[in-house]
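Down below is the structure, laid out as structure tokens.
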Amino acid sequence: MTKICIVYTHHKLGDLIWQLPYIKAISDHHKENIDLVVREKTQAKNILKDLKYINQINYNNFRKGLSYWIDVFKLTNLFLNKKYEFVYILDKVNKPAIAARLAGIKNIIGPGIGNQKKWLTVSKVLSDEDWKLNYSEQSQKLLKINSIEINNIYPEIEIDINNFKDGNKDLLLSGKKIAFGVDSFEDYKMWFEDSFIELADLLYEKKIFNHIYLICSPDKSYISKKIIENSKRNYFIDCSNKDLKGVILAIKNSDFFVGNNSGPMNLAAALGVKSFGLIANDPVSELKYSKVIPITPDDYVDNVWNRDREGMKKLKVDNVFNFIINSL
């Protein structure tokens, strides 16, 4: 049996989800299940535990400063104890490559952008210009130069939500449910609270739902609370106090998801729930390897970043409503 480890160091849930097709492709190529090393913040042990091509998930927080070398030491010990034959690194970070070298791993494969190439055991690497590619395209090129075929470019997550019902009985309501993803790691990607309220009113008039889950992180719970307070409607369900298990349960119980460009949006699409992405201030082309259905303003220009949240007002409520209705 060939023992394989794949390392991905980015902390955002959405970024990890984008890498799932390439993680599976490596597993398929070797005809072996793989181990995964990711940041704890991704909560991968909750969301990926039912994927059959993953054996074990280990956490490493990939810190800086003095903790940098503590994390290298932890990775080196993991690689030594597991006796991996292959370590794949799906980003340009040096730390896992250094640890793999110290552990004597014979096959260390990564993009090799910047100094990372010094620590790899392969000569085929991406060019330094390839850092301009998005993360999906970098991984696609990495696999291509290593003759690894990608059979499906869309992230897919299989999960048994029955394991998530304990402690979340309040989410198991009768009637039709939909989900709104109302926050984002970057504030400039967030549609305004009043816009979500107006959209809910229009959808309610069409009897599209009985309840709306408001998907929101705890640190931005003020957003979901503002929506509930300003709307004075009792059909909103605040999920800002829920952990990732509760969020997944809410999304899987929804007929569709509407939300900002964020981890929950990518999670919904990967879970097989129809997902509408509200895109006005960032490149919609980044979603071309996703099943997210983007909704953009009439005068939208792709591949332009606007870090002013006011730009999200270009996405008119009536247009979003009509787009959704015509897509159902």
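In the set (1) outside any helix (DSSP H, G or I); (2) surrounded by 20 or more Cβ atoms within 10 Å (Cβ to Cβ); (3) in contact with a helix residue (DSSP H, G or I) (Cβ under 7 Å, 6 or more places away or on another chain), the condition left unmet by Gln116 is number (1).
Being open to solvent by 30 Å² or more (accessible area, probe 1.4 Å), of a type in the set (S, T, N, Q) and either in contact with a Cys (Cβ under 8 Å, 6 or more places away or on another chain) or over 22 Å from Ile148 (Cα atoms) (or both), is that true of even one residue in segment 100-113?
Our first condition is that a residue be open to solvent by 30 Å² or more (accessible area, probe 1.4 Å); within segment 100-113, this holds for 101-102, 104, 106-107.
In the following step, the residues that additionally are of a type in the set (S, T, N, Q) were identified as 107.
When the remaining residues are screened for being either in contact with a Cys (Cβ under 8 Å, 6 or more places away or on another chain) or over 22 Å from Ile148 (Cα atoms) (or both), the result is none.
No, segment 100-113 contains no residue that is open to solvent by 30 Å² or more (accessible area, probe 1.4 Å), of a type in the set (S, T, N, Q) and either in contact with a Cys (Cβ under 8 Å, 6 or more places away or on another chain) or over 22 Å from Ile148 (Cα atoms) (or both).
Matching residues to (1) touching a Ser or Thr at 6+ places or on another chain (Cβ under 8 Å); (2) of a type outside the set (S, T, N, Q):
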residue	(1), (2)
Ser147	no, no
Ile159	no, yes
Gly167	no, yes
Ser184	yes, no
Glu198	no, yes
His211	no, yes
Pro218	yes, yes
Ser231	no, no
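Test Glu158 against the criterion of being in a loop (DSSP other than H, G, I, E, B), under 20 Å from Ser275 (Cβ atoms) and open to solvent by 60 Å² or more (accessible area, probe 1.4 Å), and give yes or no. Talk me through it step by step, then tell me what you get.
Details: in a loop (DSSP other than H, G, I, E, B): yes; under 20 Å from Ser275 (Cβ atoms): yes; open to solvent by 60 Å² or more (accessible area, probe 1.4 Å): yes.
Against the criterion (in a loop (DSSP other than H, G, I, E, B), under 20 Å from Ser275 (Cβ atoms) and open to solvent by 60 Å² or more (accessible area, probe 1.4 Å)), Glu158 qualifies.
Every residue, every condition in (1) out of contact with any strand residue (DSSP E or B) (no Cβ under 9 Å at 6 or more places or on another chain); (2) open to solvent by 40 Å² or more (accessible area, probe 1.4 Å); (3) in a loop (DSSP other than H, G, I, E, B); (4) over 16 Å from Ile251 (Cα atoms), yes or no:
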{"site": "Leu126", "(1), (2), (3), (4)": "yes, no, yes, yes"}
{"site": "Glu129", "(1), (2), (3), (4)": "yes, yes, no, yes"}
{"site": "Lys141", "(1), (2), (3), (4)": "yes, yes, no, yes"}
{"site": "Glu149", "(1), (2), (3), (4)": "yes, yes, yes, yes"}
{"site": "Tyr154", "(1), (2), (3), (4)": "yes, yes, yes, yes"}
{"site": "Gly175", "(1), (2), (3), (4)": "no, yes, yes, no"}
{"site": "Trp191", "(1), (2), (3), (4)": "no, no, yes, yes"}
{"site": "Glu198", "(1), (2), (3), (4)": "yes, yes, no, yes"}
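Lys24 meets each of the listed conditions (1) in contact with a Leu (Cβ under 9 Å, 6 or more places away or on another chain); (2) under 25 Å from Lys117 (Cβ atoms); (3) of a type in the set (Lys, Arg) apart from (2). When the residues of segment 200-211 are filtered to those that are assigned to a helix (DSSP H, G or I) and touching a residue at least 60 places away in the same chain (Cβ under 8 Å), the one that is least open to solvent (accessible area, probe 1.4 Å) is Leu203. Filtered by the rule that a residue be of a type outside the set (D, E, K, R) and assigned to a helix (DSSP H, G or I), segment 93-105 gives Pro96, Ala97, Ile98, Ala99, Ala100, Leu102. If you take just the helices (runs of 4 or more DSSP H) that sit entirely in segment 1-92, which of them hold at least 3 residues that are more than 29 Å from Ala268 (Cβ to Cβ), open to solvent by 50 Å² or more (accessible area, probe 1.4 Å) and in contact (Cβ under 8 Å) with a residue 12 or more places away in the chain? The qualifying helices (runs of 4 or more DSSP H) are 67-82.
The values are calculated or read from the model by the stated rules, or taken from the named source; none is laboratory data. Fair warning: this is a prediction, and the values are worked out from it, not measured in the lab. Cβ atoms come from the backbone with ideal geometry, glycine included; neighbour counts cover every protein chain shown. For accessibility, only protein heavy atoms count, side chains too; no ligands or nucleic acids. Shrake-Rupley method; radii C 1.70, N 1.55, O 1.52, S 1.80 Å.
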